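The values are calculated or read from the model by the stated rules, or taken from the named source; none is laboratory data. It should be emphasised that the depicted structure is a prediction, and the values quoted were computed from it without experimental measurement. All Cβ positions, glycine included, derive from the backbone under ideal geometry; neighbour counts span all protein chains shown.
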Amino acid sequence: MLFANHLAVLGTMIDDRLTRAFAPLSPSAAAVLLTLHHHGPLTTAELGQIIAIAQPTVTRMVTGLVAQGFIRRQARTGRITPLQLTEQGTARALALQEARAAAIAPLLDALPPDERISFDGMLARILAAATSSRRFARTTCRYCDHTICDGAACPIGCRARELEESC
């Protein structure tokens, strides 16, 4: 159980570092921008499902991000209003990805390159084993840089695809 304790502490360290890296945005607001960057345009309902936040909360968050100039509402189609990033929102999403990488890098610096490769392999197996659905994958990967972790490089996405194909 010592290992489980250590892993939980690492999770807390990562969460704390990401919260600081995303400031002044909340982690949820950062997730909205990153999700729109990689998967947009999306509706507030779709955003809420991906980042696991209730619809009223997402709506308030989107309203704030629109006011800050990060998101714009596209033309309404019936009851659906897709959201997309503005140029400023895209720049912020890219800065968030850089901030996330910079926040995590010092933790990985403790490992020499060969141990990083081993750790990454073990971590990939843990992540794949924990993946239960495509929805879980999107929620879990809400902060990911999908330009470097996509397709075969993404253990969560690969496992979600396997689950979909076996249905």
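At-a-glance table
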read-out: Filter result for Gln55 (surrounded by 15 or more Cβ atoms within 10 Å (Cβ to Cβ), closer than 27 Å to Phe136 by Cβ and not aliphatic (A, V, I, L, M)); value: no
read-out: Count - residues of segment 98-127 that are assigned by TED's automatic domain parsing to the domain that holds Ala31 and either of a type in the set (Phe, Trp, Tyr) or in contact with a Leu (Cβ under 7 Å, 6 or more places away or on another chain) (or both); value: 2
read-out: Number of positions in segment 137-167 that are in contact (Cβ under 8 Å) with a residue 24 or more places away in the chain, in a helix (DSSP H, G or I), closer than 20 Å to Ile14 by Cβ and not β-branched (Val, Ile, Thr); value: 2
read-out: Among residues of segment 136-158, those that are of a type in the set (Ser, Thr, Tyr), out of contact with any Lys or Arg (no Cβ under 8 Å at 6 or more places or on another chain) and either within 14 Å of Arg100 (Cβ to Cβ) or surrounded by fewer than 16 Cβ atoms within 10 Å (Cβ to Cβ) (or both), counted; value: 1
read-out: Residues (surrounded by 13 or more Cβ atoms within 10 Å (Cβ to Cβ), among the β-branched types (Val, Ile, Thr) and assigned to a helix (DSSP H, G or I)) located in segment 73-127; value: Thr90, Ile104
